[in-house]
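Engineer: Before we start, here is the structure in question, set down as structure tokens.
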């Protein structure tokens, strides 16, 4: 991959990341007011994305992936949790035809707090 191609992939990733955060913020606010609330364009928090799954990838700690889309391109949020099931790291991954780029969310950022809120309000209760 050339430097120019890498810059272009990162631009696409940043746009999709911002759009995802906007969608998630809207859906989470709706969910907190009414768990059955439904948006005509986005659906509801339960329907947003394709899957939520536990993953164990070679060389990485076990984590949970909220897979939002697949194919080319694809994207997901990865939640790394400790033994108490609390998050200690959240990443956004963007895959564009085999090339993966990530954004590690800073724990003091509004994006991290938003995804952490999704974790505690929605996903944590789904764990076995």
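What follows is calculated from the coordinates using simple rules that are stated; it is not laboratory data. In this text the structure is predicted, and so the values were computed from the model without any measurement. Cβ placement follows ideal geometry from the backbone for every residue including glycine, while neighbour counts extend to all protein chains displayed.
Engineer: Expressed in nm to one decimal, what extension gain is obtained for the pair residue 36 and residue 103 from 0.36 nm per residue of sequence separation less their Cα-Cα distance?
Structural biologist: 21.0 nm
Engineer: Please label the shape of the range 1-62 as rounded, prolate or oblate, based on the square roots a ≥ b ≥ c of the eigenvalues of the alpha-carbon gyration tensor (a/c under 1.5 means rounded; beyond that, a/b larger than b/c means prolate, else oblate).
Structural biologist: It comes out oblate by the Cα gyration axes.
Engineer: Follow-up question, since we're still on this one. Find how much the distance from residue 25 to residue 69 grows on full extension, using 0.36 nm per residue of separation minus their present alpha carbon separation; answer in nm with one decimal.
Structural biologist: 14.1 nm
Engineer: Right, next: Helix 3-33: angle to the longest alpha-carbon principal axis of the chain, degrees 0 to 90, nearest 10?
Structural biologist: Approximately 0 degrees, to the nearest ten.
Engineer: If you don't mind, another one. Want the number for residue 2 to residue 83: 0.36 nm per residue separation, take away the alpha-carbon distance, what's left?
Structural biologist: Numbers: separation 81, 0.36 × 81 = 29.16 nm, distance 4.07 nm.
Stretched fully, the residue 2-residue 83 segment lengthens by 25.1 nm.
Engineer: Using R₀ = 22 Å, calculate the FRET efficiency as 1/(1 + (r/R₀)^6) where r is the Cβ-Cβ separation of residue 14 and residue 54; round to 0.05.
Structural biologist: 0.20
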